[in-house]
1. Roughly speaking, what % of Cα-Cα pairs in segment 70-115 are separated by over 16 Å, rounded to a whole number?
2. With an 8 Å Cα cut-off and a minimum separation of 6 or more residues, compute the relative contact order for segment 12-136 in percent.
3. State to the nearest 20 debye the size of the charge dipole of the chain about its Cα centre, where the only charges are +1 on K and R beta carbons and -1 on D and E beta carbons.
4. Computed over the Cα atoms of the chain, what is the convex hull's projected area averaged over all directions, in nm²?
5. Distance in nm between label sites at Ala52 and Val116, each 7 Å beyond Cα in the beta-carbon direction?
6. Give the cross-link partners of Lys14 among the lysines, using a straight C-alpha distance below 22 Å as the criterion and excluding same-chain residues fewer than 8 apart.
7. Of the trypsin sites (Lys or Arg not before Pro) in segment 5-84, which ones lie in a loop per DSSP and count no more than 16 other C-beta atoms within 10 Å?
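Values quoted throughout were computed directly from the atomic coordinates according to the rules given, and no laboratory measurement underlies them. What you see is a predicted model, and the numbers here were worked out from it, not measured in a lab. Please note: Cβ atoms are built from the backbone with ideal geometry, for glycine as well, and neighbour counts cover all protein chains shown.
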Amino acid sequence: MTPTTGYSGTPLAKKLGIVAGARVVPVGAPADYRTLLAPLPDGVTFGRTVDASARVVHLFTTERAVLEARLSDWRAAIAPDAAVWVSWPKKASKVPTDITEDAIRAVVLPMGYVDVKVCAVTAVWSGLKLVIRKALR
């Protein structure tokens, strides 16, 4: 699998909006996550803590309960202009999950997030980009 896996051929880091100097916090990511993001812009760092310094938070999960808990915890911790990507298994992957794109929206919209983009992350994972609704920033 190459970093350009997906429909557009666009490198994954670019699809996810990872820019030079960004701090990225992957949670539950596949072991090859950094390889999938190559090539990365200059100065990109990775962290383990979701806080206001994170520019991109990327959650991989198969469970709605995990999605609800993490996004609720992170809502007050992230910067108002940070991006949170939620990745869930595609139906074609046959990975057991109780998450769909609509289920994500049902969970996050009442929390003040809004979805702004969807993309193929890998052959297994889809991604939905969330930001804090402008009126709530």
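1. Tail of the P(r) past 16 Å holds 43 percent of the pairs.
2. After rounding, I find 23 percent.
3. 240
4. Hull-based average projected area comes out at 7.7 nm².
5. If labels sit at Ala52 and Val116, their model points lie 2.0 nm apart.
6. Counting by Cα, and skipping residues close in sequence, Lys14 has these lysines nearby: Lys90, Lys117, Lys129.
7. Arg48
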